[in-house]
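A short write-up of the structure that comes next.
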Amino acid sequence: MTTRTLTTRSLTTTVVAALVTGALACALVALAPWPLKLREHSAGDPSLAEALRTTLGTTGYDRVAVAYVPPGGAEALTAGFGADSDSVFEAGSISKALTGMLFAESIERGEVTPGTTLDDVFGDRAGASADVTLEQLATHSSGLPRLVRGDLGQTVESTVRGLARLDPYVLDTEELIAAAAGTTPDPTQPPTYSNFGFGLLGAALVEVTGTSYPKLVDERIVKPLDLQDTYVPADTAAIRDGDVRGRGTNGLPAGAWTLKAQAPAGAVRSSVRDLAVLAQAVQNGTAPGADAAHARADYRQGSRIGWGWITDEHLGGDPDSGPVTWHNGGTGGFRSIVGFTPEGAVIAVLANTEKPVDEALTLLDPEVFAAAAGADSGAASGAADPDTTDPATTRGGESDGEGA
């Protein structure tokens, strides 16, 4: 009996030691640098590629794709570094712009109103957040925090997954609603970017329509716009073969994010080709839910917000420039941005590392584009090579924190 007890203890100690050693080894590997440098221009328009490379630099990037529509242009120029116009990346919080469009479309269909509350949708399940309206969620003005405050077990699981370079979003829909029920919104809080809030907005639209979030995106945005590459994986098993793999700041592979119940805040996957089509249709008002881009509330200094979409008063902060409407994104191994101007210029950039690509938005200014691309570039004025066209500084911290 004594021998068996000692053997069991010894075995337990050995197993624990092995687990600790393994964890330390993984940590050391995770911290080891794996230098990243932008791949060579491999596809699309050379002048656009040069403009992007000049604007972003090469350090800290791996595979990057860009689509650009000049002011008044009808087609998108594209270029890629180790990627093509149809390469599919995680788009991160650009998902919020699509969720805002679904909200606008749901209003148009008479399914909800801007003043619909969480109590109207979830009843007693809404708890302390019962009086929060869907419009408050869509404009980051609900008084809810940026991230969900789960119970101890959920917090530990999320933290461990984050340290392991895996998707840290672990709550299912009922757990998300329960978290809202146990969170008292702060009415004095200024507009606060909230993944929590957009997860709830998506959950409310799912509840009202009886349709899953991936299916809502597919039926109400993807199919009407004939997007070829855009989708929302319900889980990692639903991720399509050939999607680009993300990398962390150290260059090591990062786990895919699907965000479970908070997919409406950041789980959309897309290509620059599709994002250019989407942005053009939003800009000209032909996209389902295009009204979401209409700036309707103050957000931060120099910017206003629609339902998801953000509009800066001046492109790049230049007082001589006009407004730009945009959203960016960031997950565990990706960064992204899409934006457009009233003149019809559009840009979309997707990258598979954690270095921001927000500076690319400045290329919407034709003069900035021409300077970055070189004096002989015709791209900024709409001269597109027919063989390379497709139809069609972190901004305010939108992709900071726990991703998306």
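The values are calculated or read from the model by the stated rules, or taken from the named source; none is laboratory data. Quantities reported herein were computed from a predicted structural model and do not represent experimental measurements. With ideal geometry, Cβ positions are generated from the backbone for all residues, glycine too; neighbour counts draw on all protein chains shown.
Overview of values
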read-out: Cross-chain or 6+ apart pairs with Cβ under 7 Å, segment 105-127 first and farther than 14 Å from residue 207 by Cα, then of a type outside the set (A, V, I, L, M) and not in a helix (DSSP H, G or I); value: 105/288; 105/289; 107/113; 107/114; 114/133; 115/133; 127/182
read-out: Segment 34-68, residues that are among the basic types (Lys, Arg) and either touching a Cys at 6+ places or on another chain (Cβ under 7 Å) or under 18 Å from residue 372 (Cα atoms) (or both); value: 53
read-out: Residue selected from segment 151-179 under the condition touching a helix residue (DSSP H, G or I) at 6+ places or on another chain (Cβ under 6 Å) and either of a type in the set (Phe, Trp, Tyr) or buried (at least 16 other Cβ atoms within 10 Å of the Cβ) (or both), by the criterion farthest from residue 204 (Cα to Cα); value: 168
read-out: Residue 319 being surrounded by fewer than 16 Cβ atoms within 10 Å (Cβ to Cβ) and either modelled with pLDDT under 95 or more than 24 Å from residue 50 (Cα to Cα) (or both); value: yes
read-out: Total residues in segment 150-173, condition under 20 Å from residue 246 (Cβ atoms), of a type in the set (Val, Ile, Thr) and out of contact with any Gly (no Cβ under 9 Å at 6 or more places or on another chain); value: 2
read-out: Contacts under 7 angstrom Cβ, first residue in segment 71-97 being on the phi > 0 side of the Ramachandran plot, partner part of a strand (DSSP E or B), 6 or more apart; value: 82/42; 92/329; 92/330; 92/331; 92/334; 92/336
read-out: Looking only at segment 130-175, and only at residues there that are part of a loop (DSSP other than H, G, I, E, B) and among the acidic types (Asp, Glu), the one that is nearest to residue 190 (Cα to Cα); value: 131
read-out: Residues being in contact with a Ser or Thr (Cβ under 7 Å, 6 or more places away or on another chain) and surrounded by fewer than 20 Cβ atoms within 10 Å (Cβ to Cβ) - total across segment 274-295; value: 1
read-out: Any hit, segment 118-129, residues being buried (at least 16 other Cβ atoms within 10 Å of the Cβ) and in a loop (DSSP other than H, G, I, E, B); value: no
read-out: Any chance residue 216 is closer than 11 Å to residue 102 by Cβ and buried (at least 19 other Cβ atoms within 10 Å of the Cβ); value: yes
read-out: Every pair of residues 6+ apart whose Cβ atoms lie under 7 Å, when the first sits in segment 147-167 and is within 17 Å of residue 252 (Cβ to Cβ) while the second is modelled with pLDDT of 90 or more and of a type in the set (Lys, Arg); value: 167/161
